[in-house]
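**Student:** The structure under discussion is supplied below as structure tokens; questions concerning it will follow.
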Amino acid sequence: MIAFDLECSEGHLFEIWFKNNQSFEEQNAKKMISCPFCNDTNIRKVLSPVAVKTFSQSLTKEKVEPIDYPRLAKEIVDYVDKNFDDVGTEFATEALKMHYNVIEKRNIKGSATAQEEKILKEEGIGFFKIPFPKIDDEKKN
């Protein structure tokens, strides 16, 4: 079984599982696949953020290095530090302003209370939490 991310001509995104790619192609050609939001049958595959390893790929003799999770976590933290504006405790306010086009959209980081997170979710504003490690003042120097 394989899951494909699909999009209808109206721009709705959804996911459906198929036996294989051929199964998707056959069903799509016969207009058997429809959007669960608007019933549109003009469907196309879109790139998925998840990679699928096929059987033939698993037979290769390439050595795969193990993931260095501490290094990966540090790279994520460094990326966020360099590419996101720190709005501190104004995170929810800034996110709401961007959502309603009051200010220009940009990458932000900061903190929010549980109540503010609930409001953001209710407003349909996507966000995610990254636990940042505490950095000792000694290690900064």
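**Student:** Of all the residues that make up the range 94-119, how many are in a loop (DSSP other than H, G, I, E, B) and within 18 Å of the chain's Cα centre (by Cα)?
**Tutor:** 3
**Student:** Here is a follow-up. Ile135 fails exactly one of the following numbered conditions: (1) over 17 Å from Thr89 (Cβ atoms); (2) in a loop (DSSP other than H, G, I, E, B); (3) modelled with pLDDT of 80 or more. What is the number of that condition?
**Tutor:** All conditions pass for Ile135, except number (3).
**Student:** Can I ask one more? In this structure, is Lys30 charged (D, E, K, R) and modelled with pLDDT under 90?
**Tutor:** Answer is no for this residue.
**Student:** Among the residues that make up the range 64-80, is at least one of them modelled with pLDDT under 85, of a type in the set (Lys, Arg) and over 20 Å from the mean Cα position of the chain (by Cα)?
**Tutor:** Taking every residue of the range 64-80 in turn, none turns out to be modelled with pLDDT under 85, of a type in the set (Lys, Arg) and over 20 Å from the mean Cα position of the chain (by Cα).
**Student:** Can you list residue pairs whose Cβ atoms sit under 7 Å apart, with the first residue in the range 98-117 being without any contact (Cβ under 8 Å) to a residue 24 or more places away in the chain and the second being in a strand (DSSP E or B) and surrounded by 10 or more Cβ atoms within 10 Å (Cβ to Cβ)? Count only pairs 6 or more apart in sequence or on different chains.
**Tutor:** Sorted first by the residue in the range 98-117, then by its partner, the pairs are Arg106/Asp85; Ser111/Gly88.
**Student:** Filtering the range 33-54 down to residues that are among the aliphatic types (A, V, I, L, M) and modelled with pLDDT of 70 or more, which residue is nearest to Lys19 (Cα to Cα)?
**Tutor:** Here the residue is Ile33.
**Student:** I need the full set of residues from the range 108-128 which are loosely packed, with under 10 Cβ neighbours inside 10 Å and farther than 14 Å from Thr89 by Cα, in order please.
**Tutor:** Glu122, Gly124, Gly126, Phe128 - these are the residues of the range 108-128 that are loosely packed, with under 10 Cβ neighbours inside 10 Å and farther than 14 Å from Thr89 by Cα.
The values are calculated or read from the model by the stated rules, or taken from the named source; none is laboratory data. None of these values were measured; they are calculated from a predicted model. Note that each Cβ is placed from the backbone with ideal geometry, even for glycine, and that neighbours are counted across all protein chains shown.
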